[in-house]
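Chemist: Here it is: the structure, laid out below.
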Amino acid sequence: MVAEPWIGSFVALGSLLRRYLPKLDGRQLVLAVSVPRRDYVAALIGSGWMLSSSAPALDEPLTVFEASDRSTYLRAVTDRLIVTGQFTKLEAHSSGARVLTGGKLFAADRYRAASVLDNAVKSTVSEVPSGGFLAELTGAATSWLDRLAAPPMDLALVGTSKWLRDDLQAVIGNGAAVGDSGTKLGTYILPYDDRAATWSTPIVSAARLGEGEVLPESCTTVILDRYNAIKYLNDITTPIVVCIVDRSVADESAAETIVEARQNNSRPVSFVDELRWLPPTAVEALAFTVAI
């Protein structure tokens with residue numbers, strides 16, 4: 001389980017960045033966070049970003065099913081399962097309407113949330129993960145099933161894919177609560193995985209970004225983890241870019257790239273007065289906006 005004094009600070013930073021997004025007025029916010037080690041930082045900031053999103057406004061599941069046909073792909077959520085795939089039919093039954101979607105035939109009233117997907121996907125079923133301590137703390141727990149049905153699609157993590165995915169396996173919880181075994185950070189980030197019934201965040205290797213991979217148009221925030229990702233800073237056009245500088249690596253290249261970007265008609269942003277964030281001990285930070 002992740003157990004460091006700076007955990008809450010980085011989760012809060014993700015939330016504060018979402019709050020700051022409307023204030024950018026067409027400019028790009030570049031935020032550099034220099035840490036003793038990169039471990040978990042991108043995952044924690046990303047978790048705060050995701051949990052602070054507004055709850056999706058979804059129609060009642062039955063309304064979604066009634067408006068669907070065989071060309072419709074859905075993600076539908078019961079108390080226990082997330083079912084994703086092609087809608088097949090909604091049928092009357094003596095005990096109530098039943099729906100066949102994602103290859104599963106269930107009573108329609110078992111579903112608590114449903115959303116229409118933009119693209120065709122294969123049928124996949126996953127268990128509903130617990131929102132855990134962070135969802136309760138941030139208020140996301142009250143709309144948890146809706147969030148799993150239609151998560152925000154506005155974040156990307158770029159870096160060494162294996163390291164980022166390993167970070168998302170770490171669990172976080174309330175250490176003061178008896179029996180709290182914690183929740184994986186990946187539960188909040190929802191990294192893209194073709195075996196998962198719900199997903200949100202692409203984990204992009206820096207090498208693929210360098211080869212020309214394009215980030216989703218819906219993405220408004222990118223977290224660049226270490227220099228292998230930060231070196232592409234000037235190619236990123238999302239409204240918010242977070243750079244994680246790892247001081248355990250004796251290389252000034254990341255800092256030089258950020259300083260070079262800062263010299264390009266930038267405007268400083270105060271962490272304390274504007275972002276309302278105070279970096280924790282041993283963490284250094286720099287923020288500024290540039291034209292995009």
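The values are calculated or read from the model by the stated rules, or taken from the named source; none is laboratory data. Everything numeric in this text was worked out from a predicted model, so none of it was measured. Every residue, glycine as well, gets a Cβ built from its backbone with ideal geometry; the counts of neighbours run over all protein chains shown. Keep in mind that these areas ignore ligands, DNA and RNA; they rest on the heavy atoms of the full protein, side chains included. Shrake-Rupley method; radii C 1.70, N 1.55, O 1.52, S 1.80 Å.
Chemist: Too long at a 29 Å Cα-Cα cut-off: which of LYS23/LYS184; LYS162/LYS231; LYS122/LYS231?
Modeler: Details: LYS23/LYS184 31 Å; LYS162/LYS231 19 Å; LYS122/LYS231 36 Å.
Among LYS23/LYS184; LYS162/LYS231; LYS122/LYS231, the Cα-Cα distance tops 29 Å for LYS23/LYS184; LYS122/LYS231.
Chemist: Tell me, what is the FRET efficiency for SER130 and LEU105 to the nearest 0.05, using R0 = 25 angstrom and their Cβ-Cβ distance as r? Walk me through the numbers on the way to the answer.
Modeler: Numbers: r = 26 Å, r/R0 = 1.04.
Plugging the Cβ-Cβ distance into 1/(1 + (r/R0)^6) gives 0.45.
Chemist: I want to verify a result. In a Gaussian network model of the chain, Cα cutoff 10 Å, which of these has the top mean-square fluctuation: VAL77, VAL30, VAL249?
Modeler: For the chain, modelled as a Gaussian network with Cα springs under 10 Å, the answer is VAL249.
Chemist: Right, another one. Angle between the Cα long axis of helix 253-262 and the longest principal axis of the chain, 0 to 90 degrees, nearest 10?
Modeler: Roughly 90 degrees, rounded to the nearest 10.
Chemist: Rounded, prolate or oblate: which one fits region 157-292, using the alpha carbon gyration tensor with axes a ≥ b ≥ c (rounded when a/c is under 1.5, else prolate when a/b beats b/c, else oblate)?
Modeler: Working: a/c = 1.79, a/b = 1.29, b/c = 1.39.
The shape class here is oblate.
Chemist: Here are labelled values, (1) 30, 23, 18; (2) 37, 21, 17; (3) 67, 21, 16, and one is the computed semi-axes √(5λ) of the Cα gyration tensor in Å for what I pasted. Which one?
Modeler: For semi-axes √(5λ) of the Cα gyration tensor in Å, the calculated option is (2).
Chemist: State the extension gain, in nm to one decimal, for the chain segment bounded by LEU24 and LEU215, taking 0.36 nm per residue of separation less the distance between their alpha-carbons.
Modeler: Working: separation 191, 0.36 × 191 = 68.76 nm, distance 2.01 nm.
Additional length available on full extension: 66.7 nm.
Chemist: Restricting the count to DSSP beta bridges whose residues both fall in the chain, what percent are antiparallel, rounded to a multiple of 5?
Modeler: Numbers: 33 of 53 bridges.
The antiparallel fraction comes to roughly 60 percent.
Chemist: Sequence neighbours fewer than 8 away in the same chain don't count; with that in mind, list the lysines whose C-alpha is under 16 Å from LYS89.
Modeler: LYS104
Chemist: Provide the per-residue ³J(HN,Hα) series for region 49-64, in order, calculated from phi with Karplus coefficients 6.51, -1.76, 1.60 and θ = phi - 60°, each as a whole number of Hz, with x at glycine and proline positions.
Modeler: 4, 5, 5, 8, 5, 5, 5, x, 9, 10, 5, 4, x, 4, 4, 5
Chemist: Now a separate question. Subtract the Cα-Cα distance of GLU274 and HIS93 from 0.36 nm times their separation in residues, and report this length gain in nm to one decimal. Let's see the in-between values first.
Modeler: On the way: separation 181, 0.36 × 181 = 65.16 nm, distance 5.75 nm.
So the chain would gain 59.4 nm between GLU274 and HIS93.
Chemist: How much net charge surrounds GLY85 when only other residues with a Cβ under 11 Å from its Cβ are counted (Lys, Arg +1; Asp, Glu -1)?
Modeler: Numbers: positive: ARG75, LYS104, LYS122; negative: none.
Taking every other residue near GLY85 into account, the sum is +3.
Chemist: Compare TYR188, TYR40, TYR232 by solvent-accessible area with a 1.4 Å probe and give them largest first, with all protein chains kept in place. Working shown, then result.
Modeler: Details: TYR188 10, TYR40 75, TYR232 50 Å².
Correct descending sequence by accessible area is TYR40, TYR232, TYR188.
Chemist: Continuing with the same structure: Report the charge-dipole magnitude of region 210-274 in Debye, nearest 20, computed about the Cα centre from +1 at each Lys and Arg Cβ and -1 at each Asp and Glu Cβ. Show your work: numbers first, answer last.
Modeler: Working: 5 positive and 12 negative charges, 32 e Å.
Roughly 160 debye for region 210-274.
Chemist: May I ask for the distance between the Cα centers of region 34-65 and region 102-151, given as a whole number of Å?
Modeler: For region 34-65 versus region 102-151, the Cα centre distance is 13 Å.
Chemist: Arranged from highest to lowest average of other beta-carbon atoms within 10 Å per residue, in what order do the peptides 280-287, 93-100 appear? Don't skip to the answer; put the middle values down first.
Modeler: Numbers: 280-287: 15.2, 93-100: 13.0.
With the highest mean Cβ count within 10 Å placed first, the list reads 280-287, 93-100.
Chemist: Would you mind working out the magnitude of the charge dipole of region 131-236 relative to its Cα centre, with +1 at each Lys and Arg C-beta and -1 at each Asp and Glu C-beta, to the nearest 20 Debye? Walk me through the numbers before you get to the answer.
Modeler: Details: 8 positive and 13 negative charges, 44 e Å.
Magnitude of the dipole: close to 220 debye.
Chemist: Which of the trypsin sites (Lys or Arg not before Pro) found in region 177-268 are in a DSSP loop and have at most 14 neighbouring Cβ atoms, other than their own, within 10 Å?
Modeler: On the way: sites: LYS184, ARG195, ARG208, ARG226, LYS231, ARG247, ARG262; in loops: ARG195, ARG226, LYS231, ARG247.
Counting only loop positions with at most 14 other Cβ atoms within 10 Å, the trypsin sites (Lys or Arg not before Pro) in region 177-268 are ARG195.
Chemist: Moving to a separate point now. Gaussian network model of the chain, Cα springs within a sub-10 Å range: biggest mean-square fluctuation belongs to which of PRO22, PRO129, PRO239?
Modeler: PRO22
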